[in-house]
Amino acid sequence: MKERSLMFSPSMLGGDFSRAGEELEAIASAGADYAHFDVMDGSFVPEITFGSKFIKDLRPYSELVFDVHLMIERPEEHVRRFAEAGAGIITVHAESTRHLWRTLTLIKECGAECSVAINPGTPVSFIEPVLPIADYVLVMTVNPGWGGQRFIPECAAKIEELDSRRRDDGHSYLIEADGGIGRSNIKLLYDSGLDVAVMGSSFFAEDDKAAYLSELEELVQ
Ligand code: DX5
Ligand code: ZN
């Protein structure tokens, strides 16, 4: 018997940007809980994707919560613009700012939920001081910057650690994982304490996306 629900945040990065509206619709009609947007600046990560205008232009076409993952330097200078564009959740990397507490607080002041991400090489202890104020913690299960990479299984231990810390310390954050997620690892992640699975390439590779999400739900039971 399933104890809690697993939620899905398919990533637009796995889709075709020239048909962004249709890809967003495919995410909604598959029954996903969020739509994930990967913002890259060519500095924090090598690639460049899109800015707040992309999100603002798509916002009227979906009722899904937009889960915006900022892989950018100095995110504190940009979060207001993404909140105004319609982001419901804004994720910043702990490694990308000297002002993590201030940035998470600013996100909340802008009316969005705040999320802190950690790279595969960053321990949970690095974000321990902000766990009481985080709405989400995003555990990168690949090195950020590209879709379609191989899942790093060692990262699952950080999900377990975050799950046990929230129980011990009474925190309320949800745990999200991002990178290389699909049939082969969803059970491991769920059993480790995962709440939200981000998926780019595995989601968009499926013709029947709703059936794929149902299959993943079955796999974790
Ligand atoms: C990677 C991004 C991911 C990416 C995941 O840096 O943060 O959200 O879209 O894609 P897959 O599922 O293909 O690893
Ligand atoms: Zn992402």
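Read-outs throughout are calculated quantities, based only on the coordinates presented, and are distinct from any laboratory measurement. Remember, predicted model here, so these are calculated numbers, not experimental data. Here the Cβ positions follow ideal geometry from the backbone for every residue, glycine too, while neighbour counts run over all protein chains shown.
Here the chain was treated as a single set of alpha-carbon atoms; its pair distances binned every 5 Å from 0 give 1, 7, 16, 21, 22, 17, 11, 4, 0, 0 percent.
The phi torsions of region 56-61, fed into the Karplus equation with coefficients 6.51, -1.76 and 1.60 and a -60° offset, translate into couplings of 4, 5, 7, 3, x, 8 Hz, rounded to whole numbers, with Gly and Pro shown as x. Which GluC sites (Glu not before Pro) does region 1-48 hold that lie in a coil by DSSP with at most 11 other beta carbons within 10 Å? Those that pass, being in a loop and sparsely packed, are E3.
A straight line joining the Cα centroids of region 118-144 and region 42-79 runs 19 Å. Considering only beta bridges that DSSP places wholly inside region 7-219, some 5 percent are antiparallel. Converting phi to 3J(HN,Hα) with the Karplus coefficients 6.51, -1.76 and 1.60 and the offset θ = phi - 60°, region 10-26 yields x, 9, 4, 4, x, x, 9, 5, 6, 10, 4, x, 5, 5, 5, 5, 5 Hz in sequence order, with x at every glycine or proline. Close Lys pairs in region 7-219 (alpha-carbon distance under 28 Å; sequence gap of 8 or more, or different chains): 7.
Note that region 68-149 carries a Kirkwood radius of 12.6 Å, evaluated over its alpha carbons pair by pair. Farthest toward the dipole's positive end in the chain, which of L24, A197, L70, given Cβ charges of +1 (Lys, Arg) and -1 (Asp, Glu) about the Cα centre? Working it through, the farthest residue towards the positive pole turns out to be L70. Per-residue packing, averaged as other Cβ atoms within 10 Å, sorts the ranges 161-171, 199-209, 27-37 into the order 27-37, 199-209, 161-171, beginning with the highest. The amide H of V65, built 1.01 Å from its N in the peptide plane, has A35 as neighbours under 5 Å, considering only residues 5 or more places off or on other chains. Our compactness index for region 98-185, the C-alpha radius of gyration over the empirical 2.2 N^0.38 Å, is 1.10. Applying both filters, DSSP loop and at most 13 other Cβ atoms within 10 Å, to the GluC sites (Glu not before Pro) of region 61-148 gives E63. Only helices enter the 222 nm calculation for the chain: every DSSP H run of n ≥ 4 contributes -39,500 (n - 2.57), and dividing by all residues gives -9000 deg cm²/dmol, rounded to 500.
Under 5 Å from the amide H of I72 lie the amide H atoms of H93, each residue being 5 or more positions distant or on a separate chain, with H modelled from the backbone and absent for Pro and chain starts.
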